[in-house]
Amino acid sequence: MRTSTTGDSTAGTGEGSTADPAALRRSVAAGAVGVFVHWFDWAAYAYLAGTIAPVFFPAEDETTGLLAVFGVFAVSFGIRPIGALVLGPLGDRIGRKRTLSLVILMMSGATLTIGLLPGYASIGIAAPLLLVALRLVQGFAAGGEFGSAASFLAESAPRRRRGFGVSWLEVGSLLGFLAGSFVFLLLSAGLDDGALSSWGWRVPFLLSAPLGVIGLVLRNKIEDTPEYRALQASDAAPHHPVKELLRSHKRQLLQAGALMAAMNVTFYAVLTYLVTYETDHLGHSASDAALLSTVISLVGLVLVPAFGHLSDRVGRKPVFVGASAALLVLSTPAFWLMRTGSVGTWVGALVLGVILTALLGTHAVWSAEIFPTRVRQSGLSIAYNITAALFAGTVPYLMTVLISVTGSTLVPGPYLMVFAAFGLAAALSMRDTAGIPLLRAEDLPDEEPAAEPVAHRTA
């Protein structure tokens, strides 16, 4: 295997050849549709937990049933790293396109089947067991979605618009979250409790069928990326990408993990935990808390691609370093401000929301650029899902425990500061990669032509 001393050379495969705007839009849609489906399901399941509990678990104890539903929710998080370890390397071996199609088929199929499941009253203990099994399938598939989609978008976007192109992955997640919340609000407003419990809860899960079909059609119509096709043409696709990743790219794996930990913890703190924080500790109504979360998501739809575009102009490093430094300095003052009244709550939450959008706009593209093509999907999948399982899913629980132990409602601020420091330290240790070629000399066998020099990014 030929090695590159700088890590930035390329074999001139026409990387980022998706310069045609229509082709770029198709690539963005195909890459982002899976995270849309995932977050649509996530929001629907979370909001309908109280309704689903008596359907699948014995109704004698309402609290136990609700805890069981949330336990099933947590199980799907726990299996995501296993999905990442299987589906990430699979994408490096057989291609981005195939894993993208496989993942959305598994996710939407499992979600649809949940919507068709009989309840405990009909089939007894088989109902919760089947629910657990299907949530495990969903979590396993979700473990491969981010790495597949981020690799595909990074390798499909034009080199000098890569940050903008990859940022639409997170726009898809915000849209999915909003769509799931909106469907729940429509069902809650249009159905009484009896109808919602008997059949209404099934509607969001059944909607996954057409969403999955649309995603599958989009993904089957696209070509694999120029980089991966170059690996295939040179018979250079890796046989053991995880071994290669751990042997030669541990530093990049740790750096990407730190970036994603800062993003994941901030995401769950701002878009999920803040709803609980406002109702339990600030005395706000659930509707007011949900409205604020919705507004932050809507702001994100505009600012995430804007920050992605900005990173194409000024570099990944200035944007991510600025965002993580702002989180380090402003997270505790933001939570202090939230305690001062309704206006303060909005200002403090929106400050955190804007910081989050900058992290969302840059973490995926920067992480994708630091890995070679041979192990890119493995590196992205493993870094993202391990940090999500360890740190993101535990945010609401840990915040509740820490506030209870300390008696201080400012605790979430210092907690965010810890992960901001990790993200900042990692970002400062990394070189800026905006505009570099993604296919490197180390990706291809020795008999390939000599690598071309890097075409440096222009402002």
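For region 230-284, what Kirkwood radius comes out of the mean inverse Cα-Cα distance, in Å? Each step should come with its number before you reach the end.
Details: mean 1/r = 0.0681 Å⁻¹.
Mean inverse Cα-Cα distance, inverted, gives 14.7 Å.
In what sequence, highest mean first, do 175-181, 86-92 appear when ranked by Cβ atoms within 10 angstrom? Kindly include the intermediate steps, with their values, before the conclusion.
On the way: 175-181: 21.9, 86-92: 25.4.
Per-residue Cβ counts within 10 Å, averaged per peptide and sorted highest first, yield 86-92, 175-181.
Treating only the Cα positions of region 157-278 as identical point scatterers, give the base-10 log of I(q)/I(0) from the Debye formula at each q in 0.16 Å⁻¹.
Computed log10 I(q)/I(0) values: -1.16.
Setting aside same-chain residues fewer than 8 positions from Lys317, which lysines have a Cα under 26 Å from its Cα?
Straight-distance partners of Lys317: Lys250.
Across all directions of projection, what mean area in square nanometres is found for the Cα convex hull of the chain? Show your work: numbers first, answer last.
On the way: hull surface 85.1 nm².
Quarter of the Cα hull surface area: 21.3 nm².
Out of the total accessible area of the chain (probe 1.4 Å, heavy atoms of protein only), what percent is carbon and sulfur? Each step should come with its number before you reach the end.
Values: 12000 of 17630 Å².
Answer for the chain is 68 percent, counting heavy atoms of protein chains only.
How high is the relative contact order of region 183-314, in percent, counting Cα pairs under 8 Å that sit 6 or more residues apart?
10 percent
Take every Cα pair under 8 Å in the chain that's 6+ residues apart, average their separations, divide by the length, and report that relative contact order as a whole percent.
Values: 818 pairs, mean separation 132.2, N = 459.
Over the chain, the number comes to 29 percent.
Straight-line reach from Lys221: which lysines have Cα under 19 Å away, leaving out those fewer than 8 places along the same chain?
Correct list for Lys221: Lys97.
Let's test this: bin the Cα-Cα distances of region 243-402 at 5 Å from zero up to the farthest pair and state each bin's percent.
Bins of 5 Å from zero give 2, 9, 17, 19, 19, 14, 9, 6, 3, 1, 0 percent of pairs.
Give the separation of the Cα centroids, region 381-403 to region 147-188, in Å.
Centre-to-centre distance over Cα atoms comes out at 21 Å.
Given the Cα-Cα distance of Leu350 and Ser198 and 0.36 nm per residue of separation, how much length would full extension add, in nm?
On the way: separation 152, 0.36 × 152 = 54.72 nm, distance 3.80 nm.
Here the answer is 50.9 nm.
Treat every Asp and Glu Cβ in the chain as -1 and every Lys and Arg Cβ as +1, leave all other atoms uncharged, and give the resulting dipole magnitude about the Cα centre to the nearest 20 debye. Before the final figure, lay out the partial values.
On the way: 30 positive and 30 negative charges, 173 e Å.
For this selection, approximately 840 debye.
Could you give the spread of the C-alpha atoms of region 122-220 along their three principal axes, from largest to smallest, in whole angstroms?
Extents along the principal axes: 55, 31, 20 Å.
Looking at region 166-261, which GluC sites (Glu not before Pro) are DSSP coil and have at most 16 other C-beta atoms within 10 Å of their C-beta? Walk me through the numbers on the way to the answer.
Details: sites: Glu170, Glu223, Glu227, Glu244; in loops: Glu223.
The qualifying sites are Glu223.
Between region 272-321 and region 201-267, how many Å separate their Cα centres?
Using only Cα atoms, the two centres lie 24 Å from each other.
If all Cα-Cα distances of region 69-112 are sorted into 10 Å bins from 0 onward, what percent lands in each bin, rounded to whole numbers?
Over region 69-112, the share of Cα pairs per 10 Å bin runs 25, 49, 23, 3 percent.
The values are calculated or read from the model by the stated rules, or taken from the named source; none is laboratory data. This one's a predicted model, so the numbers in the text were calculated from it and none came from an experiment. Neighbour counts are summed over all protein chains in view; Cβ atoms, including those assigned to glycine, are modelled from backbone coordinates with ideal geometry. Protein only, heavy atoms only, side chains kept; ligands, DNA and RNA dropped before computing areas. Shrake-Rupley method; radii C 1.70, N 1.55, O 1.52, S 1.80 Å.
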